[in-house]
Amino acid sequence: MTRERPVDPWGQVDDLDGKAHYKTLGVEPRAGAEDIKRAYRQLAKRLHPDKGGDPVAFGRLQAAFDVLGNAQKRQVYDTWAKELEFRYVRAAATGPGGVGLGGEDILLDEFENLGLHCDPATQLVVTCEVCRRPATKECWTCGMQICEFCTLKRHWKGNFPLHWPLVNSEHMRDKLGQRELERKRIEDSEQLQLQDANFRSEAELRDIRAFKQAALEVRQRPDKGATSYDLRLAKFYMWAQTPGTVFVACRVPTGYADRELLIECSTARLLVQSEDSPPLIDRILAYGIDSGRPIESFKAEDNRVCVLALPKAQWGQHWHCLFRGDSEGARCLQPPYTLTETQDDVLLELELPFWIEQEDVSVQFGADRLRVGVRNTLQLARSFWRNSQEESRRNDYAVIVPEQCVWSLEEDTSAEGERCKLLVVTMARPDPTEEEVTYKKGKRQDNRAASRPGSLVDKGWRFFADDEDMYGLEDTLQALCFLEHGRTFVPAKPWAHGEESKCVSEELLLAPAVREHVARMRAQRQEQGEQMGPSGQAL
């Protein structure tokens, strides 16, 4: 059957410019309410069926007055006229049942252009309730069936006032899918990188660059760093001691699985150096070691961690420092002092021999470090931990107020019940800033409140940067000391506020991570029949 098409299907458009009601009443869109009522009365007398008028024309008149005679409906009608140009297009498709509704003819033309055929008499098409084109969307707000064109226009239905359509959008689902795919790709890439023994994170690469720069500067000194303490290098190692052995744990920033890690130790010098890298340690030992006993060293498979066991030349001798030129207890697991931190100050207590007098003691409070000298007894130097973020944005940043710091020397009794002197150093913190008082409830943003990298929960750093352990070396040293001596010193973690440092002789009192080290070391000792320590695999 041949379909007949109107010459101008768009000529069938109803209310093309949105002024049909005004034209029915014969008034302008700017007409007032009284003008609309007057026009309605005049036309109603002439078009009313009882007066011989046309019922269809009277119906259009009544519909126009119902809308324009109501101020709210008229406002909606005027707004809608500006939002949508084509309100209703009569169908051009024909069939046995006559003319259908909507713009199916345009759709059927597209089908024919594609070589397809669709009989409008049997094909069911859901049409847009606004313009009668084929509907492709449904408004979630009011349930109206609308087409793609009308999703860009506001509409109203039933009790729902004029609103923008809320419809499903394929592009949003595609974007979410692409985002999920990208996240999965990044996760897979990171997982593959972590499986590579030579992979280094951005933070580790920064450590490598800083280490190389510091090592090169130290090597340019007259002694080539053999008797020079530099915290930029010292932060990568820590040490602890038992009556017969000194343990040294190192984090080698330039250690790689495919590069040799050189460890050499004589009776007076220690060298730890990765291939094609400046040495991490090339220092002269402060005390002698027993040349008759073997020096044991253990390395991880990726050469990033190593542990050395140095036998003391004199059993029971207490080492005050590891290398010549270091201050008292520098980078030792158990520092020679105790620290107590409060909101307003930091209290350092140092036990001294009973014959020390006040004139033998010298205490210097600097902006970045504390120096304590005791004649013929010890030299102590510690750098304050500094909050780099606060320091970068505040010109008046300070850790302590040197003018308010004091010290005293008091008579005391040691843990063994012997007479001693107690040096008490009180370092005053600065007053809270205006910002800390206003936004932080007066809590200082000092070492106790600073966040630790890689953790959203742990907050806190040690007051002295020399005592800070950034690489988990303390756990390894505690396990080694406990296995050899049956006891170990356990320093309080800076983020565990309220805890105190202590000596532990029961394994159950050790931290879970330390107990895991102990268990692995024992198992490997039994398997390999070694006299001491773990293998590289354990580390």
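The values are calculated or read from the model by the stated rules, or taken from the named source; none is laboratory data. This one's a predicted model, so the numbers in the text were calculated from it and none came from an experiment. Cβ sites come from the backbone with ideal geometry, for glycine too, and all protein chains shown count toward neighbours. Remember, those area values only see protein heavy atoms, side chains included, never the ligands or the DNA or RNA. Shrake-Rupley method; radii C 1.70, N 1.55, O 1.52, S 1.80 Å.
Some notes on this structure:
- Taking amide H as placed 1.01 Å from N in the peptide plane, THR245 has its amide H under 5 Å from the amide H of LYS312, each at least 5 places away in sequence or on another chain.
- Within the range 160-222, GluC sites (Glu not before Pro) in DSSP loop having at most 15 other beta-carbon neighbours inside 10 Å: none
- For the chain, the longest principal axis of the alpha carbon atoms and the long axis of helix 104-113 meet at an angle near 70°.
- Estimated vicinal HN-Hα couplings, Hz - the range 345-359 in sequence order (Karplus 6.51, -1.76, 1.60; Gly, Pro = x): 7, 10, 10, 10, 10, 10, 7, 10, x, 5, 7, 5, 10, 5, 6
- Heavy-atom surface analysis with a 1.4 Å probe gives the range 259-303 a carbon and sulfur content of 43 percent of its accessible area.
- Over the chain, accessible surface divided per residue gives 58 Å², non-protein components excluded, 1.4 Å probe.
- Relative intensity, log₁₀ I(q)/I(0), of the range 343-430 from a Debye sum that treats every alpha carbon as a point, q = 0.20 Å⁻¹: -0.94
- Qualifying trypsin sites (Lys or Arg not before Pro) in the range 202-262, DSSP loop, other Cβ atoms within 10 Å at most 13: LYS224
- Centre-to-centre, using Cα atoms only, the range 337-381 and the range 430-483 are separated by 22 Å.
- Highest to lowest packing among 459-468, 496-505, scored as the average C-beta count within 10 Å: 459-468, 496-505
- Listed options for P(r) over Cα pairs in 20 Å bins from 0, in percent are [x] 15, 32, 13, 14, 18, 7, 0; [y] 17, 48, 29, 6, 0; [z] 20, 48, 25, 7, 0. The value calculated from this structure is the one marked [x].
- Candidate lysines - alpha carbon under 18 Å from LYS37, same-chain residues fewer than 8 apart omitted: LYS19, LYS23, LYS45, LYS73
- Amide hydrogen proximity for VAL305: with H placed 1.01 Å from N in the peptide plane, the residues at 5 or more positions away or on another chain lying under 5 Å are VAL252, ALA300.
- Our helix-only sum for the chain, with -39,500 (n - 2.57) per DSSP H run of n ≥ 4 divided by its residues, gives a mean residue ellipticity at 222 nm of -8500 deg cm²/dmol.
- Under 5 Å between amide hydrogens, built in the peptide plane, is the criterion, and for THR127 it picks out ALA135 among residues at least 5 positions away or on other chains.
- Listed residue pairs exceeding 32 Å between alpha carbons, taken from LYS184/LYS441; LYS212/LYS441; LYS175/LYS441; LYS212/LYS493; LYS224/LYS443; LYS212/LYS443: LYS184/LYS441; LYS212/LYS441; LYS175/LYS441; LYS224/LYS443; LYS212/LYS443
- Distance between the pseudo-spin-label points of ALA492 and SER189 (7 Å out from Cα toward the beta carbon): 4.5 nm.
- For the chain, the longest principal axis of the alpha carbon atoms and the long axis of helix 202-219 meet at an angle near 30°.
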